[in-house]
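Participant: Just passing along the structure, written as structure tokens.
Every number in this text was worked out from the coordinates using simple rules, so none of it is lab data. Just so it is clear, the model here is predicted, and its values are computed rather than measured. Cβ placement follows ideal geometry from the backbone for every residue including glycine, while neighbour counts extend to all protein chains displayed.
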Amino acid sequence: MRVPTSQQMATLDRRTAEEFGLPTLLLMEAAGRRVADAARRLVGGGTASVVVIAGKGNNGGDGLVAARVLAGLGWHVRVFLVARDAEVTGDAAVNLRAARHAGVEVANLDSTGVRGLAPVLATADLLIDGLFGTGFRGPAVGLAAAAIEAMNASRRPVLAIDIPSGVHGDTGQVDGPAVRARATVTMGLPKLGLVLLPGAEYAGRVWVASVGHPRRLLESPEIATHLVTRAMVDAAIPSRSAQAHKGQFGRVLIVAGAVGYTGAPSLAAAGALRAGAGLVRLAVPAGIYPIVATAVIEGMPVPLADEEGVLAPAAWEQIAALASDADVVACGPGLSRMPGPRQVVRQLVLGSRRPLVLDADALNCLADDADVLRQAQVPVVLTPHPGELARLAGTTTEAIQRDRLAAAREAAARFRAVVVLKGARTIVASPEGEAFVVPTGNPGMATGGMGDVLTGAVAALIGQGLAPLTAAWVGAYLHGLAGDLTARASGPAGLLARDVAAALPQALAAVRRGEVEEVVRSEPW
């Protein structure tokens, strides 16, 4: 499912009109009718009382169409236009006149009217937010801000058109008052602000309505951001022959651990095994080998040269030999940032002949020389959390979080690696600019060790033959889904990384059986 920027969606509308002969006025008519359909779905049938808050642009025009359609069905409809009539132009002006001719009550909202808006909203069965569209930027101010705050204060269910007013259409950021919707009906394709946080929290249920855009345009490769869906993951997961053996499901080498960080290697191994790896070899500093060997049953621990419980530079030769019998190498969980591990990680980046998955301290070890990643001779997947990516990119965590999608894309291009920017709505980006938004996961997963499990899962999928980019978004989706299934069973508080690793087979099964509820639903709703 492709997710366009606001500019890409505007271009798509224009091309639909210019190249396919569908006038924008007809697109607005179709959009308004789909809003009316969504309103009827939310209310649950029959007639109802609805208040439409409309702006002067196309979003308001969609709301005016919906108002006219619902009034024609016998609904009690009132429209508050947050503009003067003269400010409404184009297709929206046509539909303003049509609504008034149809007998819809349309009032121009001014500062006096805002004070009387609250009792009107409080008596409505439903509010329709048609104030701002996906092109909105910055904080809402003045009458618009007052109208948004009145909608929220009313505690009535709100249906947003295209995107809740006040949410940035391309980043999901909220810089001022924003509508908190029960549901959002969006046209043609989901928008970035609806699938990225915090915007996704304001959108409620997201329904994607078809309004007549040609499918060729909706599937344009120029729209290079995707929302990962269950069907995509199902199609990507390799099938298993009845005659298969463990050697066909990937040999994973994990380089991890240090004194004080003995749990990380076993969690990474669990992630790999539970994601379907055939064989997992776990290479750890000799000083912690006895502890790891006791904790890991199905994996195969190997001691490496160490100095005071962390990897020694001499460990690189052992790792290179072990990697010759592996399909993929994962490195980083619990490694520490001491000089020995830093030297080993650099040698691994420059010398590996197997695809690499680098996480945690492997990334921290490269922070002072991050551009060495560009010299890797094999595909590389980086799985940073925002702080780790900030260190690699020489910026701040706040800057990364401000526009996670852009940050992941920039890092992927700079380091010539697939980047998995972990967090709420994990972003996976490729060096070529393609990006994937992962909708699974929950706040209960914000505990130590979760990233170690993800590292193992992504490595396992590469070992099973998936391309590194595909393995990254499939692994992130399954990891988040495993967390969701676990939280559903026991609640999010107290969720442990090992619980999520154990639930990975359930997540795989749920994907295969089609038992996953999508956060964005296309027609039929």
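Participant: Hey, fewest Cβ within 10 Å first, where do C331, C365 land in order? Before the final figure, lay out the partial values.
Facilitator: Numbers: C331 30, C365 27.
The order, fewest Cβ neighbours first, is C365, C331.
Participant: Report the antiparallel proportion of the DSSP beta bridges in region 6-223 as a percent, rounded to a multiple of 5.
Facilitator: 5 percent
Participant: Under a Cβ-Cβ cut-off of 13 Å, what is the net charge of the residues other than T89 that fall near it, where Lys and Arg count +1 and Asp and Glu count -1?
Facilitator: After counting each charged neighbour, the total is 0.
Participant: Still on this structure, I have one more. Which of A102, L126, G166 sits farthest toward the positive end of the charge dipole of region 100-193, with +1 on the Cβ of Lys and Arg and -1 on the Cβ of Asp and Glu?
Facilitator: Of A102, L126, G166, it is L126.
Participant: Return the aspartates and glutamates within reach of K422: Cα separation strictly under 17 angstrom, same-chain partners fewer than 8 residues apart disregarded; answer none if there are no such residues.
Facilitator: D359, D361, E388, E398, D403, E410, E434, D452, D484
Participant: What is the order of S49, S266, S490, fewest Cβ neighbours within 10 Å to most?
Facilitator: By the 10 Å Cβ count, ascending: S490, S49, S266.
Participant: Rounded, prolate or oblate: which fits region 294-349 when a ≥ b ≥ c are the square roots of the eigenvalues of the alpha-carbon gyration tensor, with rounded for a/c under 1.5 and prolate only if a/b beats b/c?
Facilitator: Oblate.
Participant: As an exercise, use a Förster radius of 60 Å and the Cβ-Cβ distance of S239 and A153 to find the FRET efficiency, rounded to the nearest 0.05.
Facilitator: That gives a FRET efficiency of 0.70.
Participant: Of the options A417, A275, A146, report the single residue whose Cα projects farthest towards the positive end of the charge dipole of the chain (beta-carbon charges: Lys, Arg +1; Asp, Glu -1).
Facilitator: A146
Participant: Taking 60 Å as R0, compute the FRET efficiency from the Cβ-Cβ separation of R137 and A314 and round it to 0.05.
Facilitator: 0.60
Participant: Once phi is turned into ³J(HN,Hα) by the Karplus curve 6.51 cos²θ - 1.76 cosθ + 1.60 with θ = phi - 60°, what whole-Hz value does each residue of region 147-163 show in order, with x for glycine and proline?
Facilitator: Once θ is set to phi - 60°, the couplings for region 147-163 become 5, 4, 5, 5, 4, 5, 5, 5, 6, 8, x, 10, 9, 8, 9, 6, 6 Hz.
Participant: Then there's this: Taking Cα atoms, how many degrees apart are the long axis of helix 58-72 and the longest axis of the chain, rounded to 10 and kept between 0 and 90?
Facilitator: Taking the Cα atoms of the chain, the angle to 58-72 is about 60 degrees.
Participant: What is the calculated FRET efficiency for K246 to Q377, with r their C-beta to C-beta distance and R₀ = 41 Å, to the nearest 0.05?
Facilitator: About 0.90, to the nearest 0.05.
Participant: Can you tell me the 0 to 90 degree angle between the C-alpha axis of helix 263-274 and the longest principal axis of the chain, rounded to 10?
Facilitator: Between the helix axis and the principal axis of the chain, the angle is about 70 degrees.
Participant: Also, quick follow-up: Taking amide H positions as placed in the peptide plane 1.01 Å from N, state which residues far from V357 in sequence (5 or more) or on other chains have amide H under 5 Å from it.
Facilitator: Sorted by chain and number, the residues that satisfy this are V329, A330, C331, V381.
Participant: Report, for the chain, the % of DSSP beta bridges that are antiparallel, rounded to 5.
Facilitator: About 15 percent, rounded to the nearest 5.
Participant: Sticking with this one: Could you work out how much longer the chain between V259 and L350 gets when fully extended? Use 0.36 nm per residue separation minus the Cα distance between them, nm to one decimal.
Facilitator: Computed gain between V259 and L350 is 30.2 nm.
Participant: Give the label of the value calculated from the structure for Rg and Dmax of the Cα atoms in Å, choosing from [x] 38.5, 116; [y] 25.3, 91; [z] 26.2, 84.
Facilitator: Read-out from the structure maps to [z].
Participant: Sticking with this structure for a sec: Using amide H atoms built in the peptide plane, which far-off residues or other-chain residues are under 5 Å from V3 H to H?
Facilitator: T225, H226, L227
Participant: Ok, one more. Using +1 on the beta carbon of Lys and Arg, -1 on that of Asp and Glu, and nothing else charged, what's the dipole of region 6-223 about the Cα centre, debye to 20?
Facilitator: Charge dipole, region 6-223, about its Cα centre: 500 debye, nearest 20.
Participant: In debye, nearest 20, what is the charge dipole magnitude of the chain about its Cα centre with +1 on Lys and Arg Cβ and -1 on Asp and Glu Cβ, if you could check?
Facilitator: 900 debye
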